[in-house]
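Working notes, beginning with the structure itself.
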Amino acid sequence: MTAAPDHTPTMSRAGLAERLGPYIPVLLIPAIMAFGLIFIPSMSSWLTLTVSGLAMGMMIFIMASGMTLVFGLMDVINFGHGVFISVGAFVGISILLVLGHMTEAPSLALNLAAILAAVLAAMAATGVLGWAFERVIVKPVYGAHLKQILVTMGGLIVVEQLIIVLWGPEEIYILRPEALRGAITFAGAAMEKYRLLAVGIGAVLFLVMRYTLRRTKIGLIVRAGVENGEMVEALGYRLRLVFVGVFIAGSALAGLGGVMWGLYQEVITAHMGQQIMILIFIVVIIGGLGSVEGCFIGALLVGLLQNYIAFLEPKLALISNIGLMVAILMWRPQGMIPVVKAK
Amino acid sequence: MSDPMLRLSGVYTDIAQYHILQGVNFDVPRGQVTMLLGRNGVGKTTSLRTIMGHWRARAGQILLDGQDIAALPTPAIARLGVGYVPENMGIFSDLTVEENMILAASSGPLDRTRLDWLFSVFPPLQTFWKGHAGNLSGGQKQMLSIARAMVEERRLYLIDEPTKGLAPAIVSTMAGALRQLKDQGASILLVEQNFSVARALGDSAVVMDDGRVVWTGAMAELAGDAALQERLMGLSMEAGH
Ligand SMILES: Nc1ncnc2c1ncn2[C@@H]1O[C@H](COP(=O)(O)OP(=O)(O)OP(=O)(O)O)[C@@H](O)[C@H]1O
Ligand SMILES: [Mg+2]
């Protein structure tokens, strides 16, 4: 596989800015951490906030990743995405409540087994719901953005009401499993165990997703489909099936995120998904619609900034993410990692 | 003569409210290169897109090897063995050259022998095998687009303006590649504005005007008749080169 090119391509040294260009989004993460380090007076608070920001970011990423791919692949804006978060949380937390004997046992293995069962049930339920949602609600409105917004929001309201019918209107409080309560102390900083677990799960999921998208044929089809779905079909692949698969996977991931978010907040409501959708929209937009990597970086930025600002200037916490979005869009109007679209 | 590889009969295609194809009839005989010619905007690309199923024919038949494919979805048409090189090349720029080729080989893994052949026809593809397709030059992208169609043996190749905007040296690379494909007995429907390429490769010609076929015949006949060219296409093809 080494043939000399018929002419000799030369590598000229590009300017610093040009060489750094593709890495700037990733570099924003250490940059924002450095920002925190400068303004937050104590190192241990900074560490605590950083872990909690990363944990929050990872959970947002898990919830948002499906949405960005669904948009990228079929240009579908799903305002109902948040409902998978709520449904996932209710199914998962219900399982955890049923498995109380396992979550209360002082055994990490038993606790994790209970969480695994809850997560699998939540993902199965939201996967099936996603399949039905796609068929009944999304499919009839392909290509019509305004209708998509209206119809998917309608779907969201219907499913939220179903949650209230099934589980009642009250919020449900939940304690984390025994072994995941409390914090461990490192270098004088308290880091909640659960948040460390969330960071770990998020990182693993991101790597798995990245591997799938980059190294498997189905991943290639998805990435190619984001750029030019018509050509993918002209090569013989049924894009619609791929899209349905991505929709189901994205819904199941939102369901997983819902369980994790519920355990993080230790309370769940039928509207929790809708409430977090604002952050998800910000993340998906600043990441670049259709880009999983952009979504990941965006989620971490949002998580970190939210935590730092909430500590430094609580009143600004809400608008800090809007400010981040405005700043990033002024710099890159298509988001940090713009996705190439044919035509 | 045996049945043609492709036959369009009475094909009408609308785009939005416009009637673009208005009863197109032509054949692509087996093992031949059929040139699809005509002025800008007469419906050549639309014909290819209709065959591929990107646009739906409102009426008419599209027979591939005798089977009507007019109502089939695009992936099914592709899987019947139609290789398509669209006018805009349809390169996946975020993927590497290799990944583009892997996707194009939709019925199995890349075939080593065929790949070596393609590398010999288009050496830059080997050089930039692991590079992003988006970084290729325009001519190299066109090579990739054609190589993708050629990576597996197809029953029919639909190729839309493969030399558009390319420097003469690369035009001759393209023509050479198409010549090799032709010599292997492929059935090709080729839209080509470069007359010397058209004349060199074409067995028969189909000339369109305003959504209809206005002339069909041997390429040699058209090539030898400047007045006919003038009447059909508004220019003498000799002016091209
Ligand atoms: N998406 C579209 N929407 C509306 N009209 C279209 C669309 N695509 C093509 N057309 C119209 O259809 C007609 C035929 O276009 P087509 O692209 O098939 O021409 P062509 O013969 O390939 O021309 P060229 O030589 O310039 O490539 C043109 O009048 C064009 O304006
Ligand atoms: Mg055209």
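Bear in mind that the values in this text are calculations on the coordinates, not laboratory data. Source: prediction; values computed, not measured. Heads up, the Cβs are rebuilt from the backbone with ideal geometry, glycines too, and the neighbour counts pull from every protein chain shown.
Tell me the mean residue ellipticity at 222 nm calculated for chain A from its helices only (DSSP H runs of n ≥ 4, each -39500 (n - 2.57), averaged over every residue, nearest 500).
Working: 13 runs with 244 residues, N = 343.
Value at 222 nm, helices only: -24500 deg cm²/dmol.
May I ask for the distance between the Cα centers of the stretch A:259-285 and the stretch A:171-207, given as a whole number of Å? So the two Cα centres are separated by 17 Å. Size check on the stretch A:165-212: the Cα extents along the three principal axes, sorted descending, read 42, 38, 15 Å. Over all projection directions, the Cα-based convex hull of the stretch A:274-337 averages an area of 4.0 nm². Extents of chain B, taken as max minus min of Cα coordinates on every principal axis and listed largest first, are 47, 40, 38 Å. For the stretch B:93-153, the average shadow cast by the Cα convex hull is 3.6 nm², which is a quarter of the hull's surface.
Pairwise Cα separations in the stretch A:95-210 fall into 10 Å bins from 0 onward with the following percentages, short to long: 11, 27, 30, 22, 9, 1.
The alpha carbon convex hull volume per residue for the stretch A:210-273 rounds to 100 Å³.
Amide H contacts of A:Ala183: A:Lys193, each under 5 Å away and 5 or more positions distant or on a separate chain (H built 1.01 Å from N in the peptide plane; Pro and chain starts excluded). Note that the stretch A:32-181 shows a convex hull volume over its alpha carbon atoms of 156 Å³ per residue.
When each of the peptides B:129-137, A:243-251 is scored by how many other beta carbons lie within 10 Å of its residues on average, the order from highest to lowest is A:243-251, B:129-137. Among the DSSP helices (H) of chain A, those spanning at least 27 angstrom by Cα along their long axis with an average Kyte-Doolittle hydropathy of 1.0 or more are A:43-74, A:108-133, A:145-167, A:239-265, A:292-312; this is a geometric and hydropathy rule only. I need the fraction of alpha carbon pairs in the stretch B:122-236 separated by more than 23 Å, rounded to a whole percent. Of all Cα-Cα pairs in the stretch B:122-236, 36 percent lie more than 23 Å apart. For the stretch A:66-139, the convex hull drawn through the C-alpha positions has a volume of 85 cubic angstrom per residue. Every Cα-Cα pair in the stretch A:41-331 was counted, and those over 27 Å apart are 41% of them.
Using Cα-Cα distances under 8 Å and only pairs 6 or more residues apart, what relative contact order does the stretch A:82-155 have, in percent? List each step's numbers first, then the result.
Values: 49 pairs, mean separation 22.7, N = 74.
Rounded, it is 31 percent for the stretch A:82-155.
Beyond 42 Å, what share of the Cα-Cα pairs of the protein assembly as shown remains, rounded to the nearest whole percent? In whole percent, the long-distance tail amounts to 36.
Compactness ratio of the stretch A:187-333: Cα Rg over 2.2 N^0.38 Å, N = residue count? Spell out each step's value before the answer.
Values: Rg = 17.6 Å, N = 147, 2.2 N^0.38 = 14.7 Å.
Rounded to two decimals, the normalised Rg is 1.20.
For the set A:Lys139/A:Lys193; A:Lys147/B:Lys130; B:Lys44/B:Lys182; A:Lys139/A:Lys217; A:Lys315/A:Lys341, the pairs lying more than 32 angstrom apart at their alpha carbons are A:Lys139/A:Lys193; A:Lys147/B:Lys130; A:Lys315/A:Lys341.
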